[in-house]
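We did not get these values from a lab; they are worked out from the coordinates using the rules stated. A quick note: this is a predicted structure, and the numbers were derived from the prediction, not measured. Note that each Cβ is placed from the backbone with ideal geometry, even for glycine, and that neighbours are counted across all protein chains shown.
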C-alpha cells in the first residue's frame, strides 16, 4: 500500500465520487457509533450489528490490521489526528479500500483523550482507477520501448544487409559489450539514422565481432 498521505491525495483528486460516512469512538468505554453509510461499507444493514473494536479489526485485511490498530491506539493515547488508508473484507468477503480520517477530543498536551470522531471514506473505485491508470502507463512505456527497438532493428538490417533477427542479435551483442541498455542503444541507432549524414561508426561497432581473448602462453615444464 502507498503511504496514507499519497493514497488519500491520489484518491481525492481522481475525479471519482465516493461514499462517505461518520463514526464516533468513545475511548473510555470502547464503544463505536456508525452512520448508516459506514454499516453499508462493511457489508451490513444499518443497525444489523453492534460495532466494536474487535469486530472492526476482524474485518481489516490481515496485512493492514496491525497498522490500523497501531494508529488507533496511538491516537487514543496521544491525541492528534487519526488517519489511515487500509483494506477491509466486508461481510460478504469483498475487498474494499477505506480511508479513515478523524480527530481526538479533547486535544492538547497532557489531556486525556475521551473520544475520536471522523469519517470513513470508501475509495475503492478511485484506487482501482489509479491502479488501472498506472497499469496503462506501464503498458504504454513497454510499447514505446518495443517500438524504438523494432525501429533500430529495421535500421540495422537495412544498413548492414542482415535479417531482422540477426539485427536484434547485433544490437543485443553491442549492448552487452558496451554495458549500455538495449533501449538506450536502440535510441542512438534511430537518432543516428535521422541525421542528414548518418555516422558509420555506430553501425561499425554493431557488426564488430566480440574480441577473443588471447590464449595464454604455454608454461615450461619444470
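Summary of computed values
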{"read-out": "Number of the exception - residue 106 against (1) over 23 Å from residue 18 (Cα atoms); (2) in contact with a strand residue (DSSP E or B) (Cβ under 7 Å, 6 or more places away or on another chain)", "value": "(2)"}
{"read-out": "Boolean, residue 38 is surrounded by 13 or more Cβ atoms within 10 Å (Cβ to Cβ), outside any strand (DSSP E or B) and over 25 Å from the mean Cα position of the chain (by Cα)", "value": "yes"}
{"read-out": "The stretch 156-170 - residue that is surrounded by 20 or more Cβ atoms within 10 Å (Cβ to Cβ) and touching a residue at least 24 places away in the same chain (Cβ under 8 Å) and, of those, farthest from residue 190 (Cα to Cα)", "value": "170"}
{"read-out": "Leading residue by the ranking (nearest to residue 22 (Cα to Cα)) among those in the stretch 65-103 that are within 25 Å of the chain's Cα centre (by Cα) and part of a loop (DSSP other than H, G, I, E, B)", "value": "90"}
